[in-house]
Structures are given as structure tokens and as C-alpha cells.
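The numbers here are math on the coordinates, done by the rules we state, and not lab data. Owing to the predicted nature of the structure, the values given are computational and were not obtained by experimental measurement. Note: ideal-geometry Cβ built from the backbone for every residue, glycine included; neighbour counts use all protein chains shown.
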Amino acid sequence: MAIISSKTDFNGAIFVAIPVSALLEICAYTPDAAIDALQAGAGRVELCSHPEFDGISPPESWFRKIPVQLHAKLAVMVRPRGGSFCMSVSELHQMEQEIIRLSTQQQAGALVFGMLAPDNQIDEAACRRLITAAQNLPCVFHRAFELVPNPEKSLQTLIGLGFTRLLCGLPLPELISLKNQAAGLISIMPGGGIRAHNVHQYLQAGFTEIHSSARNSSILPDPQELHKIIIACQN
């Protein structure tokens with residue numbers, strides 16, 4: 001049962017904060033970590049490799065290690081390398097082929113990618129090409145969004161392109177503003193430093209999807225931290 005609490009804003013008006021239940025997505029950097037997170041109760045896993053690059057595409061062999069019945073709960077990173085989010089022609093082709101494979105072989109429930117132009121605007125042509133390749137798979141724009149110069153304008157661009165979700169680690173007030181602007185046309189999923197000690201702030205703000213690595217010092221989710229976040233998101 002969610003706890004309902006009254007708060008007062010800076011103008012003295014009283015409003016009600018109602019923590020909501022949320023789907024928890026856990027970032028997993030190994031197949032075993034993905035399996036463990038889903039079995040522990042996470043609603044979805046973002047599957048990627050190489051945390052030192054903040055996540056790139058997982059090897060194809062990983063999908064043979066994860067039970068087929070779990071593939072629908074995988075949001076798979078599609079990113080050929082670390083560094084810049086401005087992709088070359090060959091890199092974009094590589095991403096497109098990877099997306100076609102993931103889609104046709106039903107290895108993912110969603111695809112995670114994001115391309116920027118040299119001026120850090122959304123690369124609309126590149127994104128549109130990959131969304132087309134994805135066919136009916138939901139597409140998520142990742143934290144490259146944090147580099148765009150005009151978040152409000154860029155959010156409208158993502159909605160127009162057909163992205164279904166935005167993973168973003170901007171400060172909470174900015175995320176709330178984006179959520180209000182989105183008005184349900186695209187899901188705003190906070191991610192970046194969310195742990196058991198602060199997840200309630202995002203739940204009270206009304207976010208229904210939460211992204212966390214649930215890690216401490218290891219690249220693997222900490223079982224106790226993961227359990228605490230799962231419980232928080234379910235209450």
C-alpha cells in the first residue's frame with residue numbers, strides 16, 4: 001500500500017504526493033546478471049557490455065545463455081563503441097544489421113540506442129533509419145539525451161520519431177518537467193545514480209519506470225541493494 005503524504009510548496013499551497021508502483025529496469029553487464037535480476041523480481045533488464053564505455057552492444061553469444069522465455073524482458077543496447085554518439089556511415093550500418101537480427105530472431109523486447117549530430121542535436125535521419133529497421137520493437141533513446149542543448153525541443157523530436165521511452169539522468173526537477181511535457185506520449189524513465197536510499201524521490205514524483213544498476217563497487221548488481229529497490233518499487 002502506497003503511503004499518501006501531504007506537502008507544502010514554496011507558495012504555501014498544499015499538494016498530495018502519492019508514491020506509485022513502478023517497473024524496475026536493471027542494467028546488467030553479463031548474461032548471469034540479467035538472469036539473476038529478472039529472477040529476483042526486476043521487471044526488465046537493460047542488457048549491455050563493457051561498463052567502462054558506459055555500455056555497448058552485447059555479444060550475440062550472450063543470447064544463447066539467457067533463456068528464450070526471458071528475451072522479451074530484455075532492453076538491448078545497440079551501440080558499436082564507446083565515446084561520441086555521432087556515428088559514421090559504417091557504424092550506422094552495423095547498428096542497423098544488429099537491430100534486424102535482434103528483431104527477426106526475437107532476442108529483445110526493446111532496443112536502446114541514440115545518435116547525435118556533431119552539434120549534439122538529435123540525428124533524426126539516423127534514428128529514423130534504425131526505428132524503421134526495428135519494425136514493431138519499442139525503441140528507447142538512451143542517456144545521450146543529456147548532451148542535447150535544448151531538452152524540450154529534443155523531446156518533441158523523439159516523440160515525432162516514434163521513440164516509446166527516454167532513459168535520462170538529468171536532475172529530478174528537469175525530469176519532472178520533461179514528464180509533464182511528454183504527457184504520456186513517451187515514457188520518461190529516470191536513470192543514473194538511483195539506489196535504495198533515493199528511489200522514493202522518483203516514485204513520489206510519479207515516475208512509473210525506474211532504471212538502476214543497483215551496483216556498489218562491482219560491475220554486478222548488489223543482491224541486497226537490488227532487493228531493497230525492488231521492494232520500494234513494488235510498494
Item to complete: Can you tell me the 0 to 90 degree angle between the C-alpha axis of helix 151-161 and the longest principal axis of the chain, rounded to 10?
Response: 50 degrees
Worksheet item: By a straight-distance test (C-alpha under 19 Å), which aspartates and glutamates pair with Lys65 as possible cross-link partners, with residues fewer than eight away in the same chain excluded?
Response: Asp32, Asp36, Glu46, Glu98
Worksheet, complete the sentence: Per 5 angstrom bin, beginning at 0 and ending with the bin that holds the maximum distance, the Cα pairs of the range 99-180 fall in percents of 3, 15, 27, 23, 16, 10, 5, 1
Worksheet item: Taking Cα centroids, how far is the range 160-179 from the range 199-235 in Å?
Response: 18 Å
Fill in: Folded to 0 to 90 degrees: helix 89-104 orientation relative to the chain principal axis, Cα
80 degrees
Worksheet item: Roughly how tilted is helix 31-40, in degrees to the nearest 10 and between 0 and 90, from the longest Cα axis of the chain?
Response: 30 degrees
Worksheet entry | Residues Lys228, Lys65, sorted so that the one with the fewest Cβ neighbours within 10 Å comes first | Lys65, Lys228
Worksheet item: Sorting Ser187, Ser88 on the 10 Å Cβ count, fewest up front, what's the list?
Response: Ser88, Ser187
Discussion item. Quick check on the chain: helices-only [θ] at 222 nm, where DSSP H runs of length 4 and up contribute -39,500 (n - 2.57) each and the sum goes over total residues. Nearest 500, please.
Written reply: -10000 deg cm²/dmol
Worksheet, complete the sentence: Candidates Gln69, Gln39, Gln106; GNM for the chain (alpha-carbon contacts under 10 Å) flags as most fluctuating Gln69
Worksheet item: How big is the shadow of the Cα convex hull of the chain, averaged over all directions, in nm²?
Response: 13.1 nm²
Worksheet item: Using only Cα atoms, what Kirkwood radius does the range 159-234 have, in angstroms?
Response: 13.1 Å
